[in-house]
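The values are calculated or read from the model by the stated rules, or taken from the named source; none is laboratory data. Everything numeric in this text was worked out from a predicted model, so none of it was measured. Cβ atoms come from the backbone with ideal geometry, glycine included; neighbour counts cover every protein chain shown. Note: areas computed on protein heavy atoms with side chains; ligands, DNA, RNA excluded. Shrake-Rupley method; radii C 1.70, N 1.55, O 1.52, S 1.80 Å.
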Amino acid sequence: MRVLVVGGGGREHAIVWALAKSDRIEKLYCAPGNAGIAELAQCVPVKATDIEGMVSFAKEERIDFVVVAPDDPLYLGMVDALEAAGIRAFGPRKNAAEIEGSKVFAKNLMKKYGIPTARYETFDSADAAIAYIREQGSFPTVVKADGLALGKGVIIAQDMAEAENAVNTIMRDRAFGDAGARVVIEEFLTGPEVSVLSFCDGETVVPMVSAQDHKRALDGDKGKNTGGMGTFSPSRIYDEALAARCMEEIFLPTVKAMKAEGRPFKGVLYFGLMITKDGPKVIEYNARFGDPETQVVLPRLTSDLLTIFEAVVDGKLAETEIHFSDNAAVCVILASGGYPEKYQTGYPIEGIEKAREAGALVFHSGTKREGEQILTNGGRVLGVTAVERDLDRAIEAAYRYVEQVRFKDAHFRRDIGVK
């Protein structure tokens, strides 16, 4: 088969890496890809959000199957456009991607179908949002931009001044563009977080192995929210009893709710969960593989990823065997100094091969190649993953591998996997 993966980050590198193991693929493309992906697939200079360009490339190259990995093209309707052109595509259609594309839609869905989540109110006026927070007088409180904001549109305000600033940043300053036209004000939940990615074909849901990620830029969960500074799998707290409860109270009800709404979800549905004293609650949904969770979940997959993707598209997930190994994986993100705020790019990266020779999986997020040299080209630059028998060994190995890789002003957290 001729297969095209849409995207160019660490998540897409992990997907391409897993697909490249399939003996059913004759030619693998990635658009736009990055320096690491280029070692496994032919990179194509088409923007991930260029729907017309992607459809015409897929037609020209007689692509059999397209994997749409990032949130933006899904929310813009790339899967719909590919299907309309007669090309099989993995990922939710536009109306199902709304579950991530609009926090307001997702919260209203959960309220309507009794899926456990934090109490909330939605606002399209900054004044009304601020008045509500003042009236509630409960802190910390959570302020969320309604739309897609690269995983950064959530602000936890510790007091009224911070809450007012958060609403103004999102709604008046439009720090996240049109994503901030509406906000969700949510009660602050406490407890450990767990991420569960799951394959869905509109009817059946098959959860993958659990993971936990670290969103804050600095050790001890301090600093700004980021797209993710590292992750580990499995979660230390997500046992069989909790998995069964999540399936019954959250996973199946969500898939059934989407079908009932006329928006059957086919693709990867990401459940961001908070395990509170009252049980598991949904913090957020994503309509695709999480990044960097994909970099620890897919290295544990032992089944053929292309076969699973096809089963999702064909509605045959219930009859498809999916297996993961009983081991552990840890991914540490190497970021540009200053990320997630201002940072410089274009620095040479040394030691990637050295880390690989030692046993690391190195997934490229923000890199580009110039001649023989690989340079930094983004905020999150590399995901360095270790797979070992258990979490403690994987943590130790991941940091051993990280020490091999160097670039100017490299920044990483030193406590991934500890929480």
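Accessible area per residue, 1.4 Å probe, Å², for the chain: what's the number?
On the way: 17180 Å² over 419 residues.
Ligands and nucleic acids excluded, the figure is 41 Å² per residue.
Tell me the Kirkwood hydrodynamic radius of the range 51-130 in angstroms, computed as one over the mean inverse distance between distinct C-alpha pairs. Provide the component values of the computation, followed by the final result.
On the way: mean 1/r = 0.0683 Å⁻¹.
About 14.6 Å for the range 51-130.
Within the set of other residues whose C-beta is less than 15 Å from the C-beta of T307, count the net charge using Lys and Arg as +1 and Asp and Glu as -1. Let's see the in-between values first.
Working: positive: K21, R24, R88, K316; negative: D23, D64, D201, D304, E310, D314, E319, E321.
Local charge sum for T307: -4.
Need one number: nm distance between label points at E350 and S22, each 7 Å from Cα along Cα→Cβ, rounded to one decimal.
4.0
Roughly how many percent of the accessible protein surface of the range 264-419 is carbon and sulfur, given a 1.4 Å probe and a whole-percent answer?
Working: 2770 of 6330 Å².
Carbon and sulfur: 44 percent of the exposed surface of the range 264-419.
Using a 1.4 Å probe over the heavy atoms of the protein chains, calculate the carbon and sulfur portion of the accessible area of the range 25-111 as a whole percent.
Numbers: 1660 of 3450 Å².
Ligands and nucleic acids excluded, carbon and sulfur reach 48 percent.
In whole Hz, what ³J(HN,Hα) sequence does the range 3-20 give by Karplus (6.51, -1.76, 1.60; θ = phi - 60°), x for Gly and Pro?
After applying 6.51 cos²θ - 1.76 cosθ + 1.60, I find 10, 10, 10, 9, x, x, x, x, 4, 5, 4, 5, 5, 4, 4, 5, 5, 4 Hz.
Quick one: compute a quarter of the convex hull surface over the Cα atoms of the range 66-211 and quote it in nm².
On the way: hull surface 39.9 nm².
Seen from a random direction, the Cα hull of the range 66-211 projects 10.0 nm² on average.
Kindly provide the Kirkwood hydrodynamic radius of the range 141-285 in Å, to one decimal, from all pairs of distinct alpha carbon atoms. Can you show the working numbers first?
Details: mean 1/r = 0.0604 Å⁻¹.
Computed over Cα pairs of the range 141-285, the Kirkwood hydrodynamic radius comes out at 16.6 Å.
Assign one of three labels to the range 232-347, namely rounded, prolate or oblate, based on the Cα gyration tensor with a ≥ b ≥ c the square roots of its eigenvalues; rounded applies when a/c is under 1.5, prolate when it is not and a/b is larger than b/c, and oblate otherwise. Don't jump to the answer; show the numbers that get you there.
On the way: a/c = 1.57, a/b = 1.40, b/c = 1.12.
Cα axes put the range 232-347 in the prolate bin.
Please report how far the C-alpha centroid of the range 225-253 lies from that of the range 150-164, rounded to the nearest whole angstrom.
First find each Cα centre; the distance between them is then 24 Å.
How much solvent-accessible surface does S138 expose, in Å² to the nearest 10, with a 1.4 Å probe and all protein chains in place?
Probe radius 1.4 Å; accessible area of S138 about 70 Å².
Per DSSP H run of at least 4 residues, take -39500 (n - 2.57); add these up for the chain, divide by its residues and hand me the 222 nm value, nearest 500 deg cm²/dmol.
Values: 14 runs with 120 residues, N = 419.
After summing the helix terms and dividing by residue count, I get -8000 deg cm²/dmol.
Roughly how much of C43 is accessible, in Å² to the nearest 10, using a 1.4 Å probe?
Roll a 1.4 Å probe over it and C43 shows about 50 Å².
With 10 Å bins from zero, work out the P(r) of the range 1-158 over every alpha carbon pair and list the percent per bin.
Spelled out bin by bin, the range 1-158 gives 10, 32, 26, 18, 12, 3, 0 percent.
I need to check one value: relative contact order of the range 219-378, counting alpha carbon pairs closer than 8 Å and at least 6 residues apart, in percent. List each step's numbers first, then the result.
Details: 160 pairs, mean separation 36.1, N = 160.
This gives 23 percent for the range 219-378.
Filter the cross-link list K224/K266; K111/K259; K27/K103; K103/K215; K316/K419; K112/K144 down to pairs whose alpha-carbon distance in this structure exceeds 26 Å. Don't skip to the answer; put the middle values down first.
On the way: K224/K266 33 Å; K111/K259 16 Å; K27/K103 37 Å; K103/K215 18 Å; K316/K419 37 Å; K112/K144 20 Å.
In this structure, K224/K266; K27/K103; K316/K419 lie more than 26 Å apart at Cα.
Over the range 331-413, how many percent of alpha carbon pairs lie in each 5 Å bin up to the one with the longest distance?
Histogram of Cα-Cα distances, whole percents per bin: 3, 17, 27, 24, 16, 9, 4, 1.
Treating each Cα of the chain as an identical point scatterer and ignoring solvent, apply the Debye formula and state log10 I(q)/I(0) at q = 0.07, 0.10, 0.12, 0.14 Å⁻¹.
So the normalised log intensities work out to -0.31, -0.66, -0.98, -1.37.
Would you tally the net charge around H323, using a Cβ to Cβ cut-off of less than 15 Å, leaving H323 out, and scoring K and R as +1, D and E as -1? Before the final figure, lay out the partial values.
Numbers: positive: K21, R300; negative: D304, E319, E321, D326.
Computed value for this residue: -2.
Taking the Cα centre of the chain as the origin, how large is its charge dipole in debye, to the nearest 20, when only Lys and Arg (+1) and Asp and Glu (-1) carry charge on their Cβ atoms?
Values: 51 positive and 61 negative charges, 63 e Å.
So the dipole magnitude of the chain works out to roughly 300 debye.
Put one equal scatterer on each alpha carbon of the range 319-378, apply the Debye formula with no solvent term, and list log10 I(q)/I(0) at q = 0.16, 0.17 1/Å to two decimals.
For the range 319-378 at q = 0.16, 0.17 Å⁻¹, log10 I(q)/I(0) is -0.67, -0.72.
Can you tell me, using C-alpha contacts under 8 Å and at least 6 residues apart, the relative contact order of the chain as a whole percent?
Value for the chain: 16 percent.
Pairs of alpha-carbon atoms within less than 8 angstrom and 6+ residues apart define the contacts here; what relative contact order does the range 234-299 have, in percent?
Details: 45 pairs, mean separation 14.6, N = 66.
The normalised contact order for the range 234-299 reaches 22 percent.
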